[in-house]
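Inspection log for the structure reproduced underneath, given as structure tokens.
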Amino acid sequence: MTDAAYNFAYLDEATKRMIRRALLKGLAIPGYQVPFASREMPMPYGWGTGGVQVTAACLTPGDTLKVIDQGADDTTNAVSIRKFFERTAGVATTERTAGASVIQTRHRIPEKPLTEGQILVYQVPIPEPLRFLEPRESETRRMHALEEYGLMHVKLYEDVARHGAIATSYAYPVRVEGRYVMDPSPIPKFDNPKLSGMAAIQLFGAGREQRVYALPPYSRVVSLDFEDHPFEPTKADHDCDLCGASASYLDEVITDDAGGRMFVCSDTDYCAGRRAAGQRGRLAPEGEA
Amino acid sequence: MTAFDRTLTASADAPLLSVQDLTKRYGRRIGCERVSFDLWPGEVLGIVGESGSGKSTLLGCLAGHLAADEGQILYRGHDILAMSEPERRLLSRTEWAFVHQNPRDGLRMGVSAGGNVGERLMAIGARNYGAIRNAASDWLTKVEIDPGRIDDRPRAFSGGMQQRLQIARNLVTAPRLVFMDEPTGGLDVSVQARLLDLLRGLVRDMGLSVVIVTHDLAVARLLADRLMVMKDGRVIETGLTDQVLDDPQAAYTQLLVSSVLQV
Amino acid sequence: MIEIENLSKRFTLHNQGGAVIEVMTGARLTVRPGECVALTGRSGAGKSTLMRMIYGNYLAAGGAIRIGGLDVARATPREIIRLRRETLGYVSQFLRVVPRVPTRTIVAEPLLALGVDAGTAHARAEALLAMLNIPEALWTLSPTTFSGGEQQRVNIARGFAHPYPALLLDEPTASLDPANREVVLRLIEEAKARGAAIAGIFHDEAARQRLCDREIDVTAFAPARAA
């Protein structure tokens, strides 16, 4: 039921138009951070205000929305954002990856490959990949403009020098179409390869930092690395204890105080889909499927 | 650097840097005015003068940190002031180097010694960690820092070591032209001597051309081939270093030389 | 090799009321290859001034100083730097060096500056230091703490490291013991024999007699002073 007091998808039309313009510019210049006039949203910064504004600007009444947080549809953040749009836009929602036309995500890319016509919206805390080494915004913008990305490798160098390997495991920097270096948001580096050549549109929104950026379908996205320390998408060395999947990203769940733990797919829809099809993991409850 | 290498043959016996009537004003105040000189490959030019004489302004204009108002700077025949910013910045991190008086201005204090030295290599496309690390280690040795400290941050280094690290970071890409702003200022006398010796060796072995700003005439005597004396933004006197110091012609230079304890 | 014509020098003391002091006028001097010429005259007559002008350390007010085709009185700093590197050596009475540099490197420096490889340059430096009886234990130390005589010998070794075609010697045997004095005299004789043109100040009369082909009294170049 739509709350009639709100404009469709909460934001007023002028704001949505402003954000769409920024998004179009972002799509035209893949990986480039486009400033936009981020609005106050009825949720705190850090809870997805950037992603919500991008989603609001993209939604049409015919869309079906899926919201995930760390891969799960049933966590607080995902549930409240989904409810937010049910109430303010009245759009259909789903937990099925394949059934959604717009997917807002925090920290994951769904395991099931997305298709043309779908939009994946990322929530981004800090859009500037160079920030931690160069605090001056004026300087990082110049570095992007002039493609001076040596500093990005300094960060990776420091990783290898300190840990013997590139220890960055999430928000792993990428180069887009051989041009802009981009922060893919805090997705695990396991998901990095999915960024490249994706059929869906990928949009990134940072509310507090007032930036959006984008990857058009089938963009070439390369994870930065060294020749002798190549990029490796890593995950826990286990199969999913519920569905038995060997190639999906896993969460570690502590099950008791005696050190018991299990590994389960972080993508709840993917895991449920496999179990529905009869796949079973080590600890799958008896009688399921 | 292919764009520059193409003209290399023509410049074998030409000045590396040729400055004509360089002027920089701060509103109505003069920063430096109508400064002209040529710098040849392998030559060290000292710019001396008191605080406020315009020597740092001149250095800033030459290195592209400040925008000159008038004049021309030719580097290997290329008009620096007409260059686009990307070209100029590429020059600054390949063929040029800048050694700041305060190493904190020239180093990344939060990055290890190896990362500091390796940055310029990575900036021009080095992507092999092992090779970058070896180069960094070599350079630490060259500037007399124990390579075992390659993973330490500059904060853990003494002032003299930080300055030597800054020099390594600058020279790792084998630049041709180095700008130095009071590189030995703020260091103890014994540490200064060590740094001077190191710089002299590097200048000779790498064939560096150097523009060094200093108010210390003893430093100028030991490092510079030629001197340029500045006062109130203008060049008062130029010449061979020992000639300017031992037989100064201009009234100001005579005063400057005679006010210094024996150099 | 060294040809001086009508050379004059004056100092203008801007900070002492602009006083102009004429110190030399009409100086002339020729030193041919293989010849050693002594500059004589009482103290203050201008021997050192003339030496310094030949080396380019003092600016000439007028006249010409031709060394191997270059007029030092008109040359650019760059040309003088090259002349000093390749052609004209100078053994002064004082050693001025970066404090920390080892003696061996200081002696080898003129060769290193010419691009001679470090091995050859250091070998030559060591041979000279040994010849001049500088104990091997001192080679790796800076000469700044050496005695006056030792510093003088380091200076001489440095001046003779490269076989300059022209040499200026300022009291090369002062403060040397007889044995080292003899070594230095032989070095100078060898330089003459290979054809170096040498001009020098020798207060050591016996040395002057033994080495010099001619004497030039610089008192003759002193300007007539208005009484």
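Miscellaneous remarks
- Number of positions in the stretch A:188-227 that are closer than 12 Å to A:GLU177 by Cα and within 14 Å of another protein chain (Cβ to nearest Cβ): 2
- Residues (within 19 Å of the chain's Cα centre (by Cα) and either facing chain B (nearest Cβ under 10 Å) or outside any loop (DSSP other than H, G, I, E, B) (or both)) located in the stretch C:63-74: C:ALA64, C:ILE65, C:ARG66, C:ILE67, C:LEU70, C:ASP71
- Residues in the stretch B:41-70 that are at negative phi and in a loop (DSSP other than H, G, I, E, B): B:PRO41, B:GLU43, B:GLU50, B:SER51, B:SER53, B:HIS65, B:LEU66, B:ALA67, B:ALA68, B:ASP69.
- Considering the stretch A:228-254, the residues that are surrounded by fewer than 14 Cβ atoms within 10 Å (Cβ to Cβ) and assigned to a loop (DSSP other than H, G, I, E, B) include one that is nearest to the other protein chains (Cβ to nearest Cβ), namely A:ASP228.
- Test set (1) free of Cβ contacts under 8 Å to residues at least 40 places away in the same chain; (2) open to solvent by 20 Å² or more (accessible area, probe 1.4 Å); (3) part of a helix (DSSP H, G or I); (4) more than 8 Å from every other protein chain (Cβ to nearest Cβ) - B:ARG169 fails condition number: (1)
- The stretch A:169-207, residues that are on the phi > 0 side of the Ramachandran plot and open to solvent by 10 Å² or more (accessible area, probe 1.4 Å): A:ALA171, A:GLU177, A:GLY178, A:GLY197
- Of the residues making up the stretch C:52-73, one or more are open to solvent by 10 Å² or more (accessible area, probe 1.4 Å), within 30 Å of B:SER259 (Cα to Cα) and of a type in the set (Lys, Arg).
- Flag if B:LEU256 is open to solvent by 10 Å² or more (accessible area, probe 1.4 Å), closer than 14 Å to B:VAL44 by Cβ and of a type in the set (A, V, I, L, M, F, W, C): no
To keep it simple, each residue is scored yes or no on (1) within 9 Å of chain C (Cβ to nearest Cβ); (2) of a type in the set (A, V, I, L, M, F, W, C); (3) buried (at least 17 other Cβ atoms within 10 Å of the Cβ); (4) more than 19 Å from the chain's Cα centre (by Cα).
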site: B:ARG204; (1), (2), (3), (4): yes, no, no, no
site: B:GLY207; (1), (2), (3), (4): no, no, no, no
site: B:LEU217; (1), (2), (3), (4): no, yes, yes, no
site: B:ALA220; (1), (2), (3), (4): no, yes, yes, no
site: B:LYS231; (1), (2), (3), (4): no, no, yes, yes
site: B:TYR252; (1), (2), (3), (4): yes, no, yes, yes
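- Residues satisfying the stated conditions in the stretch C:75-98, i.e. more than 9 Å from every other protein chain (Cβ to nearest Cβ), part of a loop (DSSP other than H, G, I, E, B) and either buried (at least 21 other Cβ atoms within 10 Å of the Cβ) or not β-branched (Val, Ile, Thr) (or both): C:ALA75, C:SER92, C:GLN93, C:PHE94, C:LEU95
- Summed over the stretch B:10-46, residues that are open to solvent by 10 Å² or more (accessible area, probe 1.4 Å) and of a type in the set (Val, Ile, Thr) total 1.
- Of all the criteria given as (1) within 14 Å of chain B (Cβ to nearest Cβ); (2) at pLDDT 95 or above, the one not satisfied by A:GLN118 is (1).
- All of (1) surrounded by 18 or more Cβ atoms within 10 Å (Cβ to Cβ); (2) of a type in the set (Gly, Ala, Ser); (3) within 14 Å of chain B (Cβ to nearest Cβ) hold for C:ALA161 with one exception: (3).
- Test result for A:ILE187, in contact with a His (Cβ under 7 Å, 6 or more places away or on another chain), under 23 Å from A:THR49 (Cα atoms) and of a type in the set (Val, Ile, Thr): yes
- Some residue of the stretch B:190-211 being part of a strand (DSSP E or B) and within 21 Å of B:ASP105 (Cβ to Cβ): yes
- Residue match in the stretch A:219-226 (condition: farther than 19 Å from A:ILE68 by Cβ, in a loop (DSSP other than H, G, I, E, B) and hydrophobic (A, V, I, L, M, F, W, C)): yes
- Residue in the stretch B:87-97 that is farther than 18 Å from B:PRO175 by Cα and either surrounded by 15 or more Cβ atoms within 10 Å (Cβ to Cβ) or at pLDDT below 95 (or both) present: no
Residues are listed down the side, and each one gets a yes or a no for (1) touching a helix residue (DSSP H, G or I) at 6+ places or on another chain (Cβ under 7 Å); (2) open to solvent by 10 Å² or more (accessible area, probe 1.4 Å):
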residue	(1), (2)
A:GLU95	yes, yes
A:ALA100	no, no
A:GLN104	yes, no
A:TYR122	yes, no
A:SER138	no, yes
A:ARG142	no, yes
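- Within the stretch B:109-119, if we keep just the residues that are more than 7 Å from chain A (Cβ to nearest Cβ) and under 21 Å from the mean Cα position of the chain (by Cα), the residue that is nearest to B:THR173 (Cα to Cα) turns out to be B:VAL117.
- The set of residues in the stretch A:40-68 that are at pLDDT below 95 and charged (D, E, K, R) contains only A:GLU40.
- Scan of the stretch B:71-108 for residues that are within 14 Å of another protein chain (Cβ to nearest Cβ) and either over 30 Å from A:ASP159 (Cβ atoms) or in contact with a Cys (Cβ under 8 Å, 6 or more places away or on another chain) (or both), ordered by number: B:MET83, B:SER84, B:GLU85, B:GLU87, B:ARG88
- Inside the stretch B:176-199, residues that are under 22 Å from B:PHE37 (Cα atoms) and within 10 Å of chain C (Cβ to nearest Cβ) make up a count of 0.
The values are calculated or read from the model by the stated rules, or taken from the named source; none is laboratory data. Computed from a predicted structure; not experimentally measured. Ideal geometry is used to build each Cβ from the backbone, glycine not excepted, and the neighbour counts take in all protein chains shown. Just so you know, the surface numbers come from the protein's heavy atoms only, side chains and all, with ligands and any DNA or RNA stripped out. Shrake-Rupley method; radii C 1.70, N 1.55, O 1.52, S 1.80 Å.
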